[in-house]
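One structure below.
Readers should treat all values here as calculations from the given coordinates under stated rules, not as data from a laboratory. Everything quoted here is computed from the prediction, not taken from an experiment. Ideal geometry is used to build each Cβ from the backbone, glycine not excepted, and the neighbour counts take in all protein chains shown.
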Amino acid sequence: MDRVIGIDLGTTNSCVAIVEGGVPKVIPNKGGYKTTPSIVGISDSGRRFVGQMAKRQAITNARHTVYAAKRLIGRKWASSEVQHGLETVPFELVRGPHDDVRIKLRDKVYSIPEISSIILQEMRVVAEDYLSEEVAKAVITVPAYFNDAQRQATKDAGRIAGLDVLRIINEPTAAALAYGFGRDDLEARIAIYDLGGGTFDISILEINQGVFDVLSTGGDTYLGGEDFDARIIEWLVYEFAAEHNVDLRRDEMALQRMKDAAEKAKCELSAMQETEINLPFIYTQEDGEALHLQRTLSRARLEDLVEDLVHRTVKICDQTLKEAGLTVDAIDDVILVGGMTRMPRVQQVVAEYFGREPSKNVHPDEVVALGAAIQAHALIDEEAEVLLLDVTPHDLGIGVYGGGVQVLIERNSTVPVSRSHIFTTVKDSQTSVKILVVQGESSKAHENDLLGEFVLTGLRRAPAGEVEIEVTFEISADGIVSVAARDLETGLAQSITVTATSGLEEEEILAMIEENQDYLVQTRESEEVEQHRAEIRRTIREVERLLPTVRDVMQGSTLGKDALRKAEDALSRAREALEGRNPEHIIASSEALSRTYTVFQGIVERMQ
Ligand code: AMP
């Protein structure tokens, strides 16, 4: 059976899990950590850094290091999130060809799915290293509140990473799967409160003997730990400006250092009442004098700085509960997901709102990946059945005359779902009809997300209103929208052309998949060469250690002289190969030196 992994592609950290022997488990990376920072850096030689390595080089390479790419995925250039990003991120955002947002790193412009694909690929490698086999299939999680463009872009990222994305599932739903795992007779109504690095999600679910039914979902895809960090940075900038009259926001390196320090202080304040932020040499004045930033931040002060953010989440909880037709007393358990829920004030406010202490049974960083792995396993193993009834987070509708919207699929409808609508011509001999498909809650079409312009073409010429085309809108279990059309009179499928309004065209994706594969082959080859290099260095040391003994033993014998000559030859060729970059030389000399080492070992052993 093929292996399928579950990946939690987080704003700050990502996590990969698998079901092994019927039990879901998180796979640690090479460093032994169960989560990997969702950070990508490109060095001046074009080398990619991912995860911890990328985080380490971020301060000295801020302009070419991307973090929190998830906040930009599937967004349009004009969106407020991107415009906000233009002012706050140290890397360069550029407008893409489909009104999407891209990032310029060194001399290459990357789409956001490409950046996410680099992280996904890293998670895939973590799994492959652990399993010692190739992994080609995955279930990836997204915030429940992601719209079609964000889901589609995440799926594209998976494809670019060479993964067959079997399903996109919602993070809170994944968390619920992990919560209910192995408790077949569980019957409960639960709230999953998920506050991560970049997004907030709340889902209300009913679990009934293995059936996971999402009743309602709500959230904000631009509310998370990054915003908490930003409040601390603002405070630091303000304090520093008040003292020195210097605006630190203009200095990329200072910003990056403050960002790291702010996050660290925030995390420390979950365990302590007070912490010290100490950034020496943060700024050098024109006269050469160095300025240092040193401040004490208390937990109470932090809580003041972010109180409105915490309350925004509660407002969304309230609304989402109302949409499920429930009140707080109907909730049997509250589950906290996401790193930000470690903040005591967040836990306190959630407990106050729901009138109960949240459950302590799940690990906030790992539960989503575990749920993704459970779903992944269920998709390939018929016996491991899980019935997941998820919902669509936004209204889906079409733009109508006058700028309004006709809603076809209401938010919180269970997916997969499809609805049909009949279109007709308004002019005589009209041969095409344009349909604007929008997603969102506003009654004005332009205030929603435009998913696409669908043009029905090649209609037969007839008087106005005579041609009737039935258009079916479908939302898959992934939450992704597709559209099909049929001529009601002839029953024939009607062709539809879709103009992508953001995201990638199929051809671009195929080109990226190919480029990525080339890169992976190159990286794997160079990893192999690096392993041989390390092996050569080790063997040189071993051969040099044994050489004096072998010399003593072999003194005078012709056979010995010959062996020693060969050994010295192998040593000098190995040293030479280490200097150069020729992989064939490196591999050949590594093998030759290993043979010498084996001969030497044999000689020394015989002596003992
Ligand atoms: P996630 O996206 O779930 O990995 O959550 C990451 C967010 O959680 C980041 O903003 C982290 O700074 C934040 N976080 C992690 N640990 C803590 C902690 N102990 N206290 C407060 N925030 C934390």
query: How far, in nm, would the chain grow between His292 and Arg541 when pulled straight, counting 0.36 nm per residue and subtracting the alpha carbon separation?
result: 85.0 nm
message: As an exercise, use a Förster radius of 41 Å and the Cβ-Cβ distance of Glu234 and Lys444 to find the FRET efficiency, rounded to the nearest 0.05.
response: 0.80
- request: For the chain, find the longest principal axis of its Cα atoms and tell me its angle to the long axis of helix 367-380, 0 to 90°, nearest 10.
  value: 80 degrees
- prompt: Counting pairs of alpha carbon atoms under 8 Å apart in space and at least six apart in sequence, what relative contact order in percent does region 18-152 give?
  reply: 20 percent
- request: Arrange the following residues from fewest to most other Cβ atoms within 10 Å of their Cβ: Glu122, Glu128, Glu206.
  value: Glu128, Glu206, Glu122
message: So if each residue of separation counts as 0.36 nm, and I subtract the Cα-Cα distance between Ala300 and Lys104, what length gain in nm does that give?
response: 66.6 nm
task: Report the one residue of Ala254, Ala484, Val82 whose Cα lies farthest in the direction of the positive end of the charge dipole of the chain (charges on C-beta: Lys and Arg +1, Asp and Glu -1; origin at the Cα centre).
output: Ala254
Fewest-first sequence of Glu584, Glu474, Glu114 by Cβ atoms within 10 Å of each Cβ: Glu584, Glu474, Glu114
Chain lengthening between Glu276 and Glu323 when straightened (0.36 nm per residue, less Cα-Cα): 12.6 nm
- line: Note, region 421-434: 3J(HN,Hα) by Karplus (6.51, -1.76, 1.60, θ = phi - 60°), whole Hz, Gly/Pro = x, goes 9, 9, 10, 9, 8, 10, 10, 5, 6, 5, 10, 8, 9, 9
- line: Pseudo-spin-label distance Ala511 to His244, built 7 Å along Cα→Cβ, given in nm, is 4.5 nm
- request: Order by neighbour count: Glu385, Glu366, fewest other Cβ atoms within 10 Å first, most last.
  value: Glu385, Glu366
message: From Cα pairs below 8 angstrom and at least 6 apart in sequence, can you work out the relative contact order of region 98-204, rounded to a whole percent?
response: 24 percent
With 10 Å bins from 0: P(r) over the chain, alpha-carbon pairs, percent: 3, 14, 22, 22, 17, 10, 7, 3, 1, 0, 0
task: Would you work out which of Ala464, Gln601, Leu504 lies farthest towards the positive end of the dipole of region 454-608? Charges go on Cβ: Lys and Arg +1, Asp and Glu -1.
output: Gln601
message: Calculate the FRET efficiency for Glu525 and Glu352 from the Cβ-Cβ distance with a Förster distance of 51 Å, rounded to the nearest 0.05.
response: 0.35
message: I want to check the label-to-label distance for Met253 and Gln83. Put each point 7 Å from Cα in the C-beta direction and report it in nm to one decimal.
response: 3.3 nm
message: Check which residues have an amide H placed less than 5 Å from Ala136's amide H, if you skip close sequence neighbours.
response: Arg3
statement: With x for Gly and Pro, the residue-by-residue ³J(HN,Hα) of region 322-337, computed from phi through the Karplus equation 6.51 cos²θ - 1.76 cosθ + 1.60 at θ = phi - 60° and given in whole Hz, is 4, 5, 7, x, 10, 10, 4, 5, 7, 8, 8, 7, 10, 10, 9, 10
query: What is the distance, in nm, between label points placed 7 Å from the Cα along the Cα-to-Cβ direction at Thr414 and at Ala477?
result: 1.4 nm
- prompt: Given +1 on the Cβ of Lys and Arg, -1 on the Cβ of Asp and Glu, and no further charges, what dipole in debye does the chain carry about its Cα centre, rounded to the nearest 20?
  reply: 1640 debye
query: Could you work out the helix-only [θ] at 222 nm for the chain, with each DSSP H run of four or more residues adding -39,500 (n - 2.57) and the total divided by the number of residues, to the nearest 500 deg cm²/dmol?
result: -13500 deg cm²/dmol
field: Proximal lysines to Lys259, defined as alpha-carbon separation beneath 16 angstrom and excluding residues fewer than eight positions away on the same chain
entry: Lys55
- line: For the chain, the charge dipole (Cβ of Lys, Arg +1; Cβ of Asp, Glu -1; about the Cα centre) points to a positive end, and the Cα of Ala136, Gly197, Ala534 closest to that extreme belongs to Ala534
task: Name the long-range amide H neighbours of Leu408: under 5 Å, sequence gap of 5 or more, or other chain; modelled H, no Pro or chain starts.
output: Leu396, Gly397, Ile398
message: Quick check on region 162-225: take the gyration tensor over C-alpha atoms, sort the square-rooted eigenvalues as a ≥ b ≥ c, and tell me if it's rounded (a/c under 1.5), prolate or oblate.
response: oblate
